[in-house]
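Here's the structure we're looking at; comments come further down.
Where a number appears in this text, it was derived from the coordinates with a stated rule and is not lab data. In this text the structure is predicted, and so the values were computed from the model without any measurement. Cβ placement follows ideal geometry from the backbone for every residue including glycine, while neighbour counts extend to all protein chains displayed.
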Amino acid sequence: MIPSLEALRAIHDLRRNALVVATMTGRREWDTLSQNPAQDMAINAMGKASSFALGLALAQPTRKVIVIDGDGSLLMNLGTLASVAGKKPANLVHIVLENGGYTNTGGEPTPGAGISSLPEMAKGAGYAKVYEYDDIEEFRIDVEGVFREKGPVFICLHVRHADMPRTQMRSSAQTAHEMQEMLAHSPS
C-alpha cells in the first residue's frame, strides 16, 4: 500500500501547469500540498470529479488535466469510464486512490472491495493506457513518463490514507470562480 500523501506529492512535483480536479479525501489531501488555487478545482459531489474533468479536458485540449478520484467516488458514477473513453481526451489523466473504503464518511467498505478491479473496468471501457501501483518507488519512477502518455490514462493507486483533521475546504463555487478567472486570462 502506498501512503496517499506520498503519491500525491509525486504528482504535485510533476504537475507543471496541469489543471487538477480533486474530490473527497483526495481533495482534502491535495489541498495540504497545493498552493495553486487557480489551477485546482474542488468537486464536492461524490462521483462527479471525473465527469467535470472530462469537460475541462475537452474545453482545454492544450492543457493536461489530472483528476484525483477515490474508489468510492468512481463507483458512484461508473458510467464516466465509458464517457471518458468515448471522447478520447488525449490530455486527461484519471488517478484513482483505491483504499477499499469510503474514508470521507467513516471508512465503510466500498462495494466489491478486494473483488472488483477498477483498472480492468477502465481497460474494458476503452481507456488508452491503464496503470496500477501498490509501491511508491515504482510509481515515482514511472509517473513522469506516464504523464507524457496520450490519454485518456487511468492510474489506480492502492493507498492508505493518513488520519487527517477536519478542516474547512474551499467550496466548489469558489474554486470554479478562481479557475474561470485563471483560464480567462491565460493563453489558449
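Taking a ≥ b ≥ c as the square roots of the eigenvalues of the Cα gyration tensor, the stretch 13-159 is rounded, since a/c falls below 1.5. Multiplying the residue separation of residue 35 and residue 134 by 0.36 nm and subtracting their alpha-carbon distance yields 32.9 nm. A cut-off of 5 Å between modelled amide H atoms, ignoring neighbours fewer than 5 places along the same chain, links residue 110 with 101, 102. What does the net charge come to around residue 80 if you take all other residues with beta carbon closer than 10 Å to its beta carbon, with K and R at +1 and D and E at -1? Result for the local shell: 0.
Oblate is the label for the stretch 1-72, because a/c, from the alpha-carbon gyration tensor with a ≥ b ≥ c as root eigenvalues, is 1.5 or above and a/b does not exceed b/c.
Sketch the reach of a paramagnetic label on residue 148 as a point 7 Å from Cα along Cα-to-Cβ, and name the residues of the stretch 62-91 whose backbone nitrogen lies under 19 Å away. So the set is 62-66, 90-91. Each part gets one Cα centre, and for the stretch 18-62 versus the stretch 120-156 those centres are 18 Å apart. Near the amide H of residue 155, within less than 5 Å, lie the amide hydrogens of 94, 95, 96, 131, all on another chain or at least 5 residues away, with H placed in the peptide plane. Length gained on full extension, residue 183 to residue 90, computed as 0.36 nm times the residue gap minus the Cα-Cα distance: 31.6 nm.
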